[in-house]
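Accompanying notes for the structure given below.
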Amino acid sequence: MTPATTARSILTRVRRLLTVGMLAAVVLPAVSAAREGAPNDGTLSVRDARGVITVTARGSVIGNFAQGRMKIVDPTEGDGTGPIVSGEDFHKEIDEKTDFYRGTNVRFRLIGGYFKLRIKGSGINLSVVGVGTLTLKGAGTADDGVFSINGGDQVPILNFPLTFPLAAPTP
């Protein structure tokens, strides 16, 4: 083996080690944030909604909307990931705890911690796991989308505000 071949071999091993180390640095926090849900966590699933959705909870949410605006209040710094949003056309930080977003094809997530999320728009899809309250109000069109709580049947979103607790079903 020549010195050049040995150097390349060592360099390849170092690159592999660095790659594995960087992957671990990214994956381990995500795995711990995606911990098993608390026993009293409820779930909400919303598909292709049009109208206004408000969720106030301690837990996690992931979703998107085709067109609309969204306000996120994250009052406790460091109790979760904070808002992670992409695809927005406009973003304004109202204060250190409140952000406003507007756009088309916007994707978002908040993993862990307490948050308040309000979306007004169309093509809203989201999944929530946690404990809190939610309010759904359709836009009054023929099809304002559907929702499901705690894995139940999908129910149409109606044209007046309906507020529900978000919690595990009682046995």
P(r) over all Cα-Cα pairs of the stretch 42-166, 5 Å bins from 0 to the longest distance, whole percent per bin, short to long, reads 2, 12, 23, 25, 21, 12, 4, 1, 0
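Give me the extension gain from residue 158 to residue 91: residue separation times 0.36 nm, minus the current Cα-Cα distance, reported in nm with one decimal. Kindly include the intermediate steps, with their values, before the conclusion.
Numbers: separation 67, 0.36 × 67 = 24.12 nm, distance 2.94 nm.
That pair, residue 158 and residue 91, stretches by 21.2 nm at full extension.
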Cα centroid distance between the stretch 135-163 and the stretch 49-124, in Å? 19 Å
Can you tell me how much longer the chain between residue 105 and residue 66 gets when fully stretched, taken as 0.36 nm per residue apart minus their C-alpha distance, in nm with one decimal? 13.6 nm
Partner lysines whose C-alpha sits under 23 Å from that of residue 92, ignoring same-chain residues fewer than 8 away, are 71, 116, 120
Can you list the HN-Hα couplings for the stretch 87-103, worked out from phi with the Karplus curve (6.51, -1.76, 1.60; θ = phi - 60°), rounded to whole Hz and with x for Gly and Pro? x, 6, 8, 9, 9, 9, 8, 6, 8, 5, 10, 10, 10, 10, 10, 8, x
Residue 137: which aspartates and glutamates have alpha carbons under 19 Å from its alpha carbon, excluding same-chain residues fewer than 8 sequence positions away? 48, 153
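Read the figures in this text as sums done on the coordinates, not as results from a lab. Note that this is a predicted model, so its numbers are computed, not measured.
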